[in-house]
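Structure, as structure tokens:
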């Protein structure tokens, strides 16, 4: 419980530091805050720090690539001139990655719910960035909102699957009880096909 509370607060603090830093001309504020928050997360709250670090790096890379494609398609742009892709935005992706196994872990294996929440909350997050002046939507904001909703609606189930626990030790206690009590479940049946 404490882990999820910290994670939710840390994500919001990291997001805010990144956005406020860039709009106030201190673009390294966000990445610095995020580095500290990630350190605390990995040292004190991650169940498996090495696996969590791999998820954070993978999601940051995938998310940044998704954003670059959307920028090239004109869905949104950065309010300030940037070369390639800004570190503060990658930092937001890194903090977001921690929520997949943290405060949003309740969405694990609930792919339809993840898609719906992604389609709604993804555009809201980018919209907040627009309102604060860190990014800008296309000349037709409705196009940006719909495109972001579609991308996030498709991406969230995949990201949740990426962060889903893959071993019996990482499963919630209820599943361990079911496995020990029979019910036709085994450790092997809980593993994804590629494991």
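Descriptive notes on the structure:
- In the range 6-34, the residues that are out of contact with any helix residue (DSSP H, G or I) (no Cβ under 6 Å at 6 or more places or on another chain) and free of Cβ contacts under 8 Å to residues at least 24 places away in the same chain: 9, 12, 16, 24, 25, 26, 32
- Residue satisfying condition, being modelled with pLDDT of 95 or more and either under 27 Å from residue 141 (Cβ atoms) or out of contact with any strand residue (DSSP E or B) (no Cβ under 6 Å at 6 or more places or on another chain) (or both), within set 107, 38: 38
- When residues of the range 69-82 are limited to those that are exposed (fewer than 14 other Cβ atoms within 10 Å of the Cβ) and free of Cβ contacts under 8 Å to residues at least 12 places away in the same chain, the one farthest from residue 147 (Cα to Cα): 81
- Residue match in the range 5-16 (condition: surrounded by 14 or more Cβ atoms within 10 Å (Cβ to Cβ) and more than 26 Å from residue 148 (Cα to Cα)): yes
- Sole residue being within 22 Å of residue 16 (Cα to Cα) and either touching a residue at least 40 places away in the same chain (Cβ under 8 Å) or not assigned by TED's automatic domain parsing to the domain that holds residue 34 (or both), chosen from 117, 124, 66: 66
- Among the candidates 151, 120, residue that is assigned to a helix (DSSP H, G or I), loosely packed, with under 14 Cβ neighbours inside 10 Å, under 15 Å from the mean Cα position of the chain (by Cα) and on the phi < 0 side of the Ramachandran plot: 120
The values are calculated or read from the model by the stated rules, or taken from the named source; none is laboratory data. For clarity, every value in this text was computed on a predicted model and none was experimentally measured. Reconstructed Cβ throughout: ideal geometry from the backbone, glycine too, with neighbour counts over all protein chains shown.
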